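Undergrad: What follows is a structure written as structure tokens; I'll ask about it next.
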Amino acid sequence: MKAAKFLSNYLKATMFEGKGPQILTVRAVKEETVGTGDNQQQKLVVYFKEIEQGLVLNKTNGKMLIRKLGDETEDWIGKQIELYTTEVEFQGETQLGIRIRL
């Protein structure tokens with residue numbers, strides 16, 4: 001019997017382990033409340049045609065998309081972007097994170 005898997009609503013770097021970079025097509029961009037408790041924040045979330053989970057944009061990835069695709073998020077729909085994992089620094093520690101290439 002297989003163990004039940006509960007998918008997160010949002011992409012995590014660990015979901016890419018062993019898969020390599022992924023080229024995905026932007027389906028929608030929404031502003032959503034993410035986080036829990038006192039850590040809730042409004043963030044842009046990019047959704048893709050190929051997968052259900054969205055990518056919560058941090059400053060680095062958000063700036064990259066704005067620089068390459070413009071600041072009108074409606075213009076991002078239909079564009080292909082590459083997601084890949086790399087080591088990033090978060091809260092003073094090195095961990096695996098998702099980055100964007102076009």
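Undergrad: Tally the residues that are open to solvent by less than 100 Å² (accessible area, probe 1.4 Å) and either hydrophobic (A, V, I, L, M, F, W, C) or touching a residue at least 24 places away in the same chain (Cβ under 8 Å) (or both), restricting the search to the range 36-57.
TA: Qualifying residue count, the range 36-57: 11.
Undergrad: Restricting the first residue to the range 14-28 and requiring it to be closer than 10 Å to Gln80 by Cβ, which pairs with a second residue that is outside any strand (DSSP E or B) and among the basic types (Lys, Arg) meet a Cβ separation below 9 Å and a spacing of at least six or different chains?
TA: Listed pairs, sorted by first residue: Leu24/Lys49; Thr25/Lys49; Thr25/Lys79; Val26/Lys49; Val26/Lys79.
Undergrad: I've got another one for you. Got a sec? Which of Thr86, Thr60 is part of a strand (DSSP E or B) and touching a residue at least 12 places away in the same chain (Cβ under 8 Å)?
TA: So the residue among Thr86, Thr60 that is part of a strand (DSSP E or B) and touching a residue at least 12 places away in the same chain (Cβ under 8 Å) is Thr86.
Undergrad: For Glu74, all conditions in the list (1) assigned to a helix (DSSP H, G or I); (2) open to solvent by less than 80 Å² (accessible area, probe 1.4 Å); (3) farther than 19 Å from Tyr10 by Cβ hold save one; what is the number of the exception?
TA: (2)
Undergrad: Quick check on my filter: what residues within the range 58-71 are surrounded by fewer than 15 Cβ atoms within 10 Å (Cβ to Cβ) and within 22 Å of Asn9 (Cα to Cα)?
TA: Hits for the range 58-71 are Lys59, Thr60.
Undergrad: Hey, could you check the range 77-102 for residues that are modelled with pLDDT under 95 and open to solvent by 90 Å² or more (accessible area, probe 1.4 Å) and say which is farthest from Lys12 (Cα to Cα)?
TA: Here the answer is Leu102.
The values are calculated or read from the model by the stated rules, or taken from the named source; none is laboratory data. The structure presented is a predicted model; accordingly, all values stated were derived computationally and were not measured. Neighbour counts run over all protein chains shown; Cβ positions are idealised from the backbone, glycine included. Keep in mind that these areas ignore ligands, DNA and RNA; they rest on the heavy atoms of the full protein, side chains included. Shrake-Rupley method; radii C 1.70, N 1.55, O 1.52, S 1.80 Å.
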